[in-house]
Amino acid sequence: MASAGTAVVETPLQENVQKGYTSNAAWKVKSWGSISNNNSVKCESTSFADVMSEQLANELQLDENYEMENPLQSETVFSNDSTLNEPVEWSKSNDTSNDEVLAQILQAQMDEEFNESVTRQENQVNKNSKVRLSFNNYRTDSLFTSDDNYDDEEEDEDVDETGREGCSEADQSSNMLEFPPDKGYVVFGNELVTKHDKEICGRRNTAKMEDSLPPGFRTGDARGMDLQLSNKIYNSLKKHAYSEQRRGQRLHETKEHYTAEHAVDERTRLLLHRLVDRGIVAGVNGVISIGKEAVVVHVDGGDVAAADLVPLVNENNNDISCKQIPKECAIKIYKTTLNEFRCRDKYIKDDYRFKDRFKKLNPRKIIHMWAEKEMHNLNRMNEAGIPCPEVVLLRKHVLVMAFIGENQQPAPKLKCAILSSLQKKSAYKQVVTMMKTLFNQCKLIHADLSEFNLLWHDQKVWMIDVSQSVEPSHPHGLEFLLRDCTNISKFFTSIGVPDVLEPLELFNSVSGLDIPITDEAEFRCTIERMENATEEHAQQGKRKSSQFLEQI
Ligand code: ADP
Ligand code: MN
C-alpha cells in the first residue's frame, strides 16, 4: 500500500479543478482528463542497500566514463548549463554530445546560408542604384539574442523591424532605408519611397495600438496628439503589454494553486496517507470542486473490511457504520484557514449542539467541528431516508463519504442538469418532500439550500453540503428556512415547473406552521418573534424544538 500512499502526495490536485460546474461535457474531458490511477508520478525507489553498494558505485562510474568517451551514443543529457543558451559558432564547436548544441549548430549553418543569399540579393539591388540599400535587417545574426522569456504566440502578429505586418511594402522599405540628410526620398528598385511613408507608418502603428494591445492595457489618448510610433517602439510596447498580461495570469494561477494547496496542507496529506495505508482509500484521483470552505476530492474506496473501521456512531451512540466502503468515494477536506469560516460562525456558535464547545475551542478545532457537523447532519438525513452521501468516516477536518455519480463523473447539480419536463416536476416534488423530512424528522434546516447543493443522479435528487445546517431551534433557523424556500420556489419557477408553491406557502408547508400569509413583512416579523421565543427554549438545551414551536 506504500506506493499508493505516494499517489496521494503526487496527484496534481489543482489541475483537475471543477470550477463550480458539473454537467458540462467539455469540462468533463478537460478537468477529468488526467484522472487515472496511473496519473500520479511514481518515483522509483532505491533501497538503502543499493545506495550503499560499492559495486553499484563502480558500475555507475564505468557508465559515466563510457558516456564521456562515446558522447553521441550515450543517452541525451539535459543540462541546465546556461552557456547552452549562448549562440554557438558551429564551425568551431566540436561538441556534439547535446541535442540542444546540435540544433544550434544546424541553425547556425542554415543562418549562414540564408545570410549569404541576402547578401547576393543586396548586391543585385544596389548594382544599378546610386543609393546604397542595406539589407541588414533581413539578416538573422540576432537569432540567439532574442529575449528568452518572451515566449508568446502573438509574436507572429508582431510588426517586426521590417514592418511586415503593419505597413505596405513601400512602408517596409521606408523602414530599412537610410534617407540622405538633403533628400526626403530614396529610390527603392523601381519605386520612390519618401520620408512621409515612415510618418504614415508611425501614425498607423499608433492607431492600431488600441486594438492590438491586450484589453485593459492603458495607452492613453495617443491618437489625439498625433503620436507616431516607430515599428521598433510599437513592437516593444506590444511585447511588454503581452508579457505583463501573461505575468498577471501567472500570478492568478499561482494564487489558485496556493488556495488548492492550502486545503491540502502537510497535516491533511498525512491524514490522507493514513487513509491509504489503512486500506480505506485505494487511490486519490482528482479534485471535484474547490469551494471557499472546502476542497472535494474523488477517491477509490479501499478494500479494508468495514468491520475493521472504527465504528461510526450517530448522535445517539448507535452504530451506523457503512457495511462496505463504497467503490467510489468523495472526500471533503475543510480548509484549515479560518478566514472563510468567520462569517459562518453564526451557524455553529448558536447551534446548541456545539455552543458550549465553540467557546472553548481554538480555530483548528472549530474547523473540525464543521466537518463533524456535516457528518452528524448527513447521518440524520440518511437515517430518515433522504438521498444524500453516506458517511464512511471522519478524521479531524477530513470527511470521507460515498460519491454521488459514476465512473468518476460527479452527478450534475440541479442547476446544470438537463431534465425533461417530467423529470423537472419529479425533482420539484422530491425536493419539497425532502425539505419536509429534513425539518420534521431530522429536525434540520439546510440553511444553504439551492439548485447548487442538490445533485441529480439515478433519477433522484440528492441533498449535499449540510455542514451549515441547523436545528429549527437555532435563533435564525426559521429565517434560514424562509431563504431556502425562496431559493427553491424561484429555481423551479424559473425552469418552468407548473404549480410551484410561493416561498411563504412552501415555508408553511415544510414547517407545518400556519403563519398567515398577508404580507411578507408581517410574515417575517412573526418568524422573528418565534425565533426569539425559541432561543430561550434552546438555551435550556431541550431538543424537541419543533414541538415547542407548535405550542406557540
Ligand atoms: P462547498 O461548501 O464547497 O459548496 P459541497 O459539499 O457543496 O461544498 O461540495 C462542492 C461540490 O463538490 C458539489 O457542488 C458537488 O459538485 C461536489 N460534491 C460534493 N460532495 C459530493 C459527493 N459526495 N459526490 C459527488 N460530488 C460531490
Ligand atoms: Mn455547495
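Read-outs: derived from the displayed coordinates by stated rules, not from any lab. Remember, predicted model here, so these are calculated numbers, not experimental data. Don't worry about glycine lacking a Cβ; one is built from the backbone with ideal geometry, like all the others, and counts go over all protein chains shown.
Suppose each label sits 7 Å from its Cα in the direction of the beta carbon; what would the ALA207-SER134 distance come out to in nanometres?
The modelled label-to-label distance comes out at 3.0 nm.
Under the 0.36 nm per residue contour assumption, what length would be gained going from the current alpha-carbon distance of SER509 and LYS292 to full extension?
Additional length available on full extension: 74.9 nm.
Just to confirm a number: summing +1 for Lys and Arg and -1 for Asp and Glu over residues other than LEU478 whose beta-carbon lies under 9 angstrom from that of LEU478, what do you get?
-3
For SER494 paired with ASN316, estimate the spin-label separation in nm (one decimal), with each label point 7 Å from Cα along the Cα-to-Cβ line.
It works out to 3.9 nm between the two label points.
So which of LYS365/LYS490; LYS365/LYS425; LYS365/LYS424; LYS292/LYS490; LYS365/LYS443 end up more than 31 Å apart by C-alpha?
With Cα atoms farther than 31 Å apart: LYS365/LYS490; LYS365/LYS425; LYS365/LYS424.
What residue among MET401, SER450, MET463 has its Cα farthest toward the positive end of the dipole of the range 378-478, where the charges are +1 on Lys, Arg and -1 on Asp, Glu, each on the Cβ?
Working it through, the farthest residue towards the positive pole turns out to be SER450.
For ALA384, what charge total do you get from the other residues with a beta carbon under 12 Å from its beta carbon, if Lys and Arg give +1 and Asp and Glu give -1?
Once positives and negatives cancel, what remains is +2.
Would you please give the residues with an amide H less than 5 Å from that of VAL392, counting only those at least 5 places away or on a separate chain, with H modeled from the backbone geometry?
Result for VAL392 returns VAL400, MET401, ALA402.
So if each residue of separation counts as 0.36 nm, and I subtract the Cα-Cα distance between GLU406 and GLU244, what length gain in nm does that give?
Using 0.36 nm per residue and subtracting the Cα-Cα distance, I get 54.1 nm.
So if R0 is 35 Å, what FRET efficiency would GLN459 and ILE517 give, r being the distance between their Cβ atoms, rounded to the nearest 0.05?
With a Förster radius of 35 Å, E is 0.60.
By per-residue mean of other Cβ atoms within 10 Å, what is the highest-first order of 518-529, 369-380?
369-380, 518-529
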